[in-house]
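*Asks:* Submitted below is the structure of interest, expressed as structure tokens.
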Amino acid sequence: MMITINLKPEIEAKIKEKAKLQDLSIEKYIEILIEKEIESIVSEVDETAYLFKSEANKNRLLNAVENVEHQTNLIELSLEEIE
């Protein structure tokens, strides 16, 4: 399969630089980036599917997403409180 990507010159320069640092062709570097992104997406889907098996977990997750979307029931912490 062949894919053509039109990139902004500054993005292309960054990709060339990163590929060169890893001693990879631009094509191989982009292939690796795409593979990593796909693995990440699959992993996220698997985790969500696992959590959705429990009705209680499913409801908690959906409520949490709704709270974030509506900016309600959120807990704010300062950096000092986290440390």
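*Asks:* Please count, across the chain, the pairs of lysine residues with Cα atoms under 25 Å apart that sit 8 or more places apart or on different chains.
*Replies:* 14
*Asks:* To continue, here is another question. Using 0.36 nm per residue, how much length does the chain from residue 18 to residue 52 gain when fully extended, once their Cα-Cα distance is taken away?
*Replies:* 8.4 nm
*Asks:* Starting at 0 and stepping by 10 Å, how many percent of the alpha carbon pairs of the range 25-82 end up in each bin?
*Replies:* Result returned by the calculation: 19, 24, 30, 21, 7.
*Asks:* Can you tell me how much longer the chain between residue 69 and residue 4 gets when fully stretched, taken as 0.36 nm per residue apart minus their C-alpha distance, in nm with one decimal? Can you show the working numbers first?
*Replies:* Working: separation 65, 0.36 × 65 = 23.40 nm, distance 3.59 nm.
Additional length available on full extension: 19.8 nm.
*Asks:* Return the calculated 222 nm mean residue ellipticity for the chain, to the nearest 500 deg cm²/dmol, obtained by summing -39500 (n - 2.57) across DSSP H runs with n ≥ 4 and dividing by the residue count. Intermediate values should be presented prior to the final figure.
*Replies:* Values: 4 runs with 60 residues, N = 83.
Result for the chain: -23500 deg cm²/dmol, rounded to the nearest 500.
Since every read-out is calculated from the coordinates, none of them should be taken as a lab result. Small disclaimer: the values here were computed from a predicted structure and weren't measured.
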